[in-house]
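Shown next, in structure tokens, is the structure this report addresses.
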Amino acid sequence: MSSLPAGAAPGKIILFGEHAVVYGRPAVAAALGHGLGATAERDPLGPCLRIPSWGKSGLEVRLQAPGKDFDAIARAFAAALDAAGLGRPPVAITLDGELPLGVGLGSSAAFAVAILRCLAAYRREPFTSEGLLEAAALVEAVFHGNASGLDHTVVAHGACLRFQRGLDPAFAPIALAHPVPLVVAWTPREGSTRDAVAGLQVRHDAHRVWYERLFDHIGQLAEEGIVALEKGDISGLGVLFDLNQGLLNACGVSSLANERMVGIARRHGALGAKLTGAGMGGAIIAVVPEQPRRVVDALRGAGFDAIATRVGG
Ligand code: MEV
């Protein structure tokens, strides 16, 4: 039996520099072990997108009659078909995986990249690296508006990267001295990435000088974070996470839930912790080189989802 055209993409975590990256400062992000996979099969009534693990009983989006609730997903799917130059083909895509949806772990970038890779396999013509990034940017724009490009770049490359908007190339791989032991925890978000980015833009436009200073500091922490990653300085990394978290709080993107998760992680042995992604709830990451189970159990005991993982290696 011939295999179905398929594509996959990991989720991502941002180690340093979220939000400031939108304003041209450097950021550091890495692929996550969890991700999404897409398969394509013939469907004479297509195009159709099925996501069995999203929503209460799964999603099915048909472009001919998109449901009201699925508008953004339908528009993003249509953007992917257009970016792949496929028009409206008789195809059903099934997207599945273990990546939690909408908590800042790169689900929309993984959605874009996994579907685009699957559509490229279906049309029997892979994207070039640049073509995939351009196409993913078009799909991501449906969800995120003024996105920096960081999320889909790290998801498409699947490594640990330094990213800076406006540079050419915008990204460079980081050679980690050792894998970084992390705990990732998450909770539902209070707002979307689009809302968090737009809210910060309003504050930035009202008090440009103050916010530019905060972004400068965040950018410097990202540069120092790269040095710590390259040296394998895990405890230094923890300190830099804590400092970055304080600055994200000052930017107004950390919620009570983020602060609680960060506090629990620190109290149970993390060397440092910060939110990851756009904030307003969603995910945090904590550096936990020893007994990560203690931190995971404490976070789960407080009602949050949590896993122990490693970046790199
Ligand atoms: C979202 O994962 C990261 C943000 O910096 C937005 C962006 O970079 O587009 C908040």
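The values are calculated or read from the model by the stated rules, or taken from the named source; none is laboratory data. Predicted, not measured: the structure shown is a model, and the values here were computed from it. Backbone-built Cβ (ideal geometry, glycine too); neighbour counts: all protein chains shown. Calculation scope for accessible area: heavy atoms of the full protein, side chains included, ligands and nucleic acids excluded. Shrake-Rupley method; radii C 1.70, N 1.55, O 1.52, S 1.80 Å.
Please go through region 188-205 and pick out each residue that is among the polar types (S, T, N, Q) and either assigned to a helix (DSSP H, G or I) or more than 16 Å from Leu101 (Cβ to Cβ) (or both).
So in region 188-205, the residues among the polar types (S, T, N, Q) come out as 192-193, 201.
Across region 188-205, the qualifying residues are Thr193, Gln201.
Against the conditions (1) more than 24 Å from the chain's Cα centre (by Cα); (2) within 30 Å of Glu190 (Cβ to Cβ), Gly102 satisfies every one except (1). Within region 268-312, restricting attention to residues that are more than 19 Å from Ser255 (Cα to Cα) and open to solvent by less than 10 Å² (accessible area, probe 1.4 Å), which residue is nearest to the ligand (Cβ to nearest atom)? Top of the filtered list is Val311.
Scanning region 1-35 for residues that are aliphatic (A, V, I, L, M) and over 16 Å from Gly225 (Cα atoms) turns up Met1, Leu4, Ala6, Ala8, Ala9, Val22, Ala31, Leu32.
Give, as residue ranges, the strands (runs of 3 or more DSSP E) completely inside region 1-91 that count at least 3 residues that are out of contact with any Phe, Trp or Tyr (no Cβ under 8 Å at 6 or more places or on another chain) and surrounded by fewer than 18 Cβ atoms within 10 Å (Cβ to Cβ). Before you say what the answer is, go through the steps one by one.
Working: elements: 6-16, 27-42, 48-51, 59-62.
Correct list: 27-42.
Pairing each residue of region 81-95 that is in the same structural domain as Pro126 (by TED's automatic domain parsing) with any residue that is charged (D, E, K, R) and in a loop (DSSP other than H, G, I, E, B), provided the two are 6+ apart or on different chains, yields C-beta distances under 8 Å for Leu81/Arg88; Pro90/Asp43; Val91/Asp43; Ala92/Asp43. Applying the criterion of being more than 22 Å from Val311 (Cα to Cα) and more than 10 Å from the ligand (Cβ to nearest atom) to the residues of region 144-169, the residue that is surrounded by the fewest Cβ atoms within 10 Å (Cβ to Cβ) is Asp168.
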